[in-house]
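Everything on this sheet refers to the single structure shown next.
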Amino acid sequence: MREQGQSMLNGSGVHRPSWEKIWLPKVLAKNTIGIFLLILLCIGAFFSTRVLDSSVIVSTRPPSSALLIVCSLSINSLKKSTFSAITSHNQPGNKQVEIPLNCSLGDATLTCPANYYPSRYSARNPDPPSAATQPTCPDFFRWIHEDLSPWKETGITEAMVNMANRTANFRLVIVNGTAFVETYEKAFQTRDTYTLWGILQLLRRYPGQVPDLDLMFDCVDWPVINKDSHSGANATAPPPLFRYCANDTTLDIVFPDWSFWGWPEINIKPWEALSKDLKEGNERSRWVDREPYAYWKGNPQVAEKRMDLLKCNISDQQDWNARIYAQDWGREQQQGYKKSDLASQCIHRYKIYIEGSAWSVSEKYILACDSVTLLVTPQYYDFFTRGLMPLQHYWPIREDNKCRAIKHAVDWGNSKIEKAQAIGKAASNFVQDELKMDFVYDYMFHLLREYAKLLKYKPSVPPKATELCSESMACPAQGQEKKFMMDSTVRGPSSETPCVMPPPYDPATLHSIIDRKRNSIKQVETWERHYWDQRNL
């Protein structure tokens, strides 16, 4: 049997995972040899001291007896260290081992190893261990409750999930800690690849703690589950569909995007490494020493609003305090991405974020730069942006009059340097502290866990689904795609439990947050009108 070939039984009849078969014998062999050698030395020393004892006239305790006590204590100490190493190794949350990727079997690695995830974490108990010492998750985690609220009363049936396959790229099923995927349509570039890769790393980080689940995932930018189609007394519950963004008129469930594990097509590193690069880039120049203009660089061809932004560039007739650059990714690829290093673009006091065809992954890179983010009114949100507050983390820019709004924002910041610096720093702190990979994985964990609680049926593996594991993805990969997978591999079970999930917003708090955002935006619009009224005089 497959399980019998990859596991062994301990004295109590419990299966040990295959990686324990490698680690435990090494510990036992090393310490057993030590005990054996120590016993031999003690025996030899005992007989030697017996000869010496016979010539001793006065002694309060025979040297041989003292030596036996020392030897006994030493052997017991070594035995205890062996037992301690084994029990410490078996403690959930104590990261003592790594789970290496096994790419040495050639084509055989397309078949996933048995006991791929450590079985010492019981899949039958998906609730995480006690987390009394763990921090509370960032506040934006509370939006998980809001995103799943359409199914709070009805739960999620298998028929609802099946309805979501109309636009889904793949169906993901997790059963007993193992992932299975059924692909309907290949996504653009490697979006689906790195989304699935990220989920596999979650299973490596928290093995056995992710409950059984069944979901549909759409990798296209635009949300499609219309809120109005599922409202009213006779409305049916919406099909649950995961994607990277949504808006106020849709019910799609937002999930961290693929670029957190890398975007090889445009040479963007996995987030853990890139966020460190961005932090170092911030330290190369002080905010006050940077160019006192607003900077944007990207592909304007993907959206009319971006083409309109080009009009805000400096010209012979007007300087709107903006420096806008169109990015040609084809040419950039040919030149080895020499001019698209994100960590080298933190040289302006202000950076512009503007959506493309929908939400853009560039937002986290812009926010991380210590510069004041000038955020053009967005239509979409991703999993973390609802935690941002205008005038605290960014400066809101009106979409209908971008150039004038940018001009005002830059002049305001250059005249109120301390306040402008505080906004830029708050954004970069948010990205470095609350958007680190630990919290990205914890967001995924809590979202999937809360989603699984809503399922009204027991997930099973679809007939056309295939088992998925890190080996089956990373081992056959090539070039940059393989490198990013290796760079973002979770090495083994986390030594920490997930952060503590905060409760849902109560209606009054949620209303207060929405009002605060709206009032801050209105305040900026009032300042802007006053600014232009003065200039027109």
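The values are calculated or read from the model by the stated rules, or taken from the named source; none is laboratory data. Given the structure is predicted, the values throughout are model-derived calculations rather than measurements. Glycine also receives a Cβ, built like all others from the backbone with ideal geometry; neighbour counts cover every protein chain displayed.
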note = If we take the range 256-370, then strands (runs of 3 or more DSSP E) inside it with 1 or more residues that are under 25 Å from the mean Cα position of the chain (by Cα) and without any contact (Cβ under 8 Å) to a residue 60 or more places away in the chain are 348-353
inquiry  = For the range 168-177, give me each residue that is surrounded by fewer than 20 Cβ atoms within 10 Å (Cβ to Cβ) and of a type outside the set (A, V, I, L, M).
reply    = Asn176
request  = Determine which member of the set Asp506, Asp442, Asp515, Asp487 is acidic (Asp, Glu), free of Cβ contacts under 8 Å to residues at least 24 places away in the same chain and over 30 Å from Ala405 (Cβ atoms).
outcome  = Asp506
ask   = Right, Asn226: without any contact (Cβ under 8 Å) to a residue 12 or more places away in the chain, assigned by TED's automatic domain parsing to the domain that holds Val161 and surrounded by fewer than 20 Cβ atoms within 10 Å (Cβ to Cβ) or not?
value = no
request  = Output the number of the condition that Glu467 fails; it satisfies all remaining conditions of (1) over 15 Å from the mean Cα position of the chain (by Cα); (2) closer than 23 Å to Asp257 by Cβ; (3) charged (D, E, K, R).
outcome  = (2)
ask   = Could you say whether any residue in the range 410-422 is within 30 Å of Arg535 (Cβ to Cβ), surrounded by 22 or more Cβ atoms within 10 Å (Cβ to Cβ), over 21 Å from the mean Cα position of the chain (by Cα) and of a type in the set (A, V, I, L, M, F, W, C)?
value = yes
inquiry  = Here is a list: Ser495, Ser488. Which entry is assigned by TED's automatic domain parsing to the domain that holds Ala179, within 29 Å of the chain's Cα centre (by Cα), surrounded by 11 or more Cβ atoms within 10 Å (Cβ to Cβ) and at pLDDT 95 or above?
reply    = Ser488
request  = Count, please, the residues in the range 224-239 that happen to be on the phi > 0 side of the Ramachandran plot and in contact with a Leu (Cβ under 6 Å, 6 or more places away or on another chain).
outcome  = 0
Only one of Glu496, Glu525, Glu471 that is of a type in the set (Asp, Glu) and touching a Ser or Thr at 6+ places or on another chain (Cβ under 6 Å) = Glu471
task = For the range 176-190, enumerate the residues that are touching a strand residue (DSSP E or B) at 6+ places or on another chain (Cβ under 9 Å) and either in contact (Cβ under 8 Å) with a residue 60 or more places away in the chain or of a type outside the set (D, E, K, R) (or both).
result = Thr178, Ala179, Phe180, Val181, Glu182, Thr183, Tyr184, Ala187, Gln189, Thr190
key: Selection within the range 132-189 - β-branched (Val, Ile, Thr) and assigned to a loop (DSSP other than H, G, I, E, B)   = Thr133, Thr154, Thr157, Thr167
ask   = Pick from Tyr451, Tyr457: which is crowded, with 21+ Cβ neighbours inside 10 Å and either assigned by TED's automatic domain parsing to the domain that holds Pro396 or modelled with pLDDT of 95 or more (or both)?
value = Tyr451
task = Return the only residue of Asp400, Asp370 being at pLDDT below 95 and at positive phi.
result = Asp370
query = Tell me, which residue of the range 157-192 that is of a type in the set (S, T, N, Q) and touching a helix residue (DSSP H, G or I) at 6+ places or on another chain (Cβ under 7 Å) is farthest from Glu265 (Cα to Cα)?
reply = Asn169
query = Does Ala422 meet the test of being in contact with a strand residue (DSSP E or B) (Cβ under 6 Å, 6 or more places away or on another chain) and part of a helix (DSSP H, G or I)?
reply = no
